[in-house]
Amino acid sequence: VRDEIHVVKNQKCGWDVKKPHSKRASSHTDTKAEAVDRARKICINENAECVIHGKDGKIQESNSYGRDPCPPRDKRK
């Protein structure tokens, strides 16, 4: 199981920073940029995966901070 922090659109207004299956948000912001910044800081401290969603709920971006279970191969030769 990997640690994840999600940036999701709040149903009423603004953006939330949440862990999966949690009822409450770790943080609530007015803008997506603020939420992404807070989520990245949390992920760096917790060596977690930062998953950023769009307004439609679909995943737009995902970044690993810490141990990546499937690290990318080095493309340099």
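What follows draws every value from the coordinates through simple rules; no lab data is involved. These figures come from a predicted structure and were not determined experimentally. Using ideal geometry, Cβ is built from the backbone for each residue, glycine included, and neighbour counts are taken over all protein chains shown.
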Inset, instruction - Name every residue in the range 41-54 that is of a type in the set (A, V, I, L, M, F, W, C) and assigned to a strand (DSSP E or B), in order of residue number. - result: C50, V51, I52
Inset, instruction - Enumerate the strands (runs of 3 or more DSSP E) found wholly within the range 1-40, keeping only those where 2 or more residues are over 18 Å from I59 (Cβ atoms). - result: 27-29
